[in-house]
Amino acid sequence: MLKQRLDKVLSNFGFGSRNDIKSAVRKGLVTVDGQIVKDSGIHVDPESNIIEMNGQRLNYRKFIYIMMNKPQGVISATSDRKQRTVFDILPEEYKCFDLFPAGRLDIDTEGLVLMTNDGQLSHEILSPKKHVPKQYYAKVLGRVNQNDAEAFSRGVTLDDGYKTLPATLEILKSNDVSEIKLTIVEGKFHQVKRMFEAVGKKVIYLKRLSMGNLKLDENLKLGECKELGESDIELLKQAVIIDNKK
């Protein structure tokens, strides 16, 4: 990795402004590999050097992966002039990374959103060619029945004439308001809602449960998030790897 200025590295990782870091250096609060630093402009390698400020160690990660349980009323974007975004509700400790949502959820849809700075993995997950499965839970106005499940398994034609790829519909409750789980392998605009409209029904609640083999952590409350560990990231990558081998 190319070396970078120490004050820039610490600033980028949320340790304060460059002026804050220069002040900390003057006070002898910054060390590199155990040695007190006297110049905030020295060049360091955050991957190999042990960097600490006021006893707090910089935990460098080239790529970072955040699972968020997105609430309604928040859009899947990094910025917006009118609406709150998933970036707005990120904890401050993650805002120093150039994170973006890997895929979108509608403003009124809850559930799993992956935020990362790993552009390659994001591309792999979202690529229509990869057919990465995404599972949703929904409440639907109208009695969802086996005819709907069979129609979805063949693919349904949306309002713009597009025929969806086969999807798996699991009926949890069939009533005036039905409850279902739906697994799709593509991500057209408002796809789940439009699929049910194609069979004469209306989605009134929607939540994404999983992407590939990565499932939403049930302990995450709406609006909360957590950084994924290696085992979680492997689950995310498995679907892409499996598809590449087909």
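The values are calculated or read from the model by the stated rules, or taken from the named source; none is laboratory data. Keep in mind that this is a model prediction, so the values were computed, not measured. In this analysis, Cβ positions are derived from the backbone assuming ideal geometry, glycine residues included, and neighbour counts consider all displayed protein chains. Each accessible area value is taken on the protein alone, full model and side chains, heavy atoms only, with ligands, DNA and RNA left out. Shrake-Rupley method; radii C 1.70, N 1.55, O 1.52, S 1.80 Å.
For region 6-92, the fraction of 1.4 Å probe accessible surface lying on carbon and sulfur atoms is 42 percent. Near Y65: Cβ cut-off under 12 Å, other residues only, Lys/Arg at +1 and Asp/Glu at -1. The net charge is -1.
Just to verify a number: FRET efficiency for K82 and D159, C-beta to C-beta distance, R0 = 25 Å, to 0.05? After rounding, the FRET efficiency stands at 0.40. The aspartates and glutamates whose alpha-carbon is closer than 16 Å to the alpha-carbon of K82, local same-chain residues fewer than 8 away aside, are D106, D108. Panel values: region 51-96, Kirkwood radius from alpha carbon pairs, Stokes-Einstein at 20 °C and 1.002 mPa s, translational diffusion coefficient 168 µm²/s. Stretched out straight at 0.36 nm per residue, the stretch from E93 to I42 would grow longer than its current Cα-Cα span by 15.9 nm. K130 accessible area, nearest 10 Å², 1.4 Å probe? Accessible area, nearest 10 Å²: 40 Å².
For mean projected area of the Cα convex hull in nm², pick the label among (i) 13.1; (ii) 16.1; (iii) 16.8 that corresponds to the value derived from the coordinates. Label (ii) holds the value from this structure. What's the long-distance tail for region 105-155, i.e. % of Cα pairs beyond 19 Å? Distances greater than 19 Å cover 50 percent of the Cα pairs. Based on the alpha-carbon gyration tensor of region 132-246 and its eigenvalue square roots a ≥ b ≥ c, which shape applies: rounded if a/c is under 1.5, prolate if not and a/b is larger than b/c, or oblate? Judged from the Cα gyration tensor, region 132-246 comes out oblate (a/c at least 1.5, b/c at or above a/b). For the chain, the solvent-accessible area with a 1.4 angstrom probe is 55 square angstrom per residue.
Listed by chain and number, the lysines placed with their C-alpha closer than 21 angstrom to that of K8 are K22, K27, K38, K62, K95; residues fewer than eight positions away on the same chain are left out.
Maximal additional length on extending the I107-R143 stretch stands at 10.4 nm, based on 0.36 nm per residue less the C-alpha distance.
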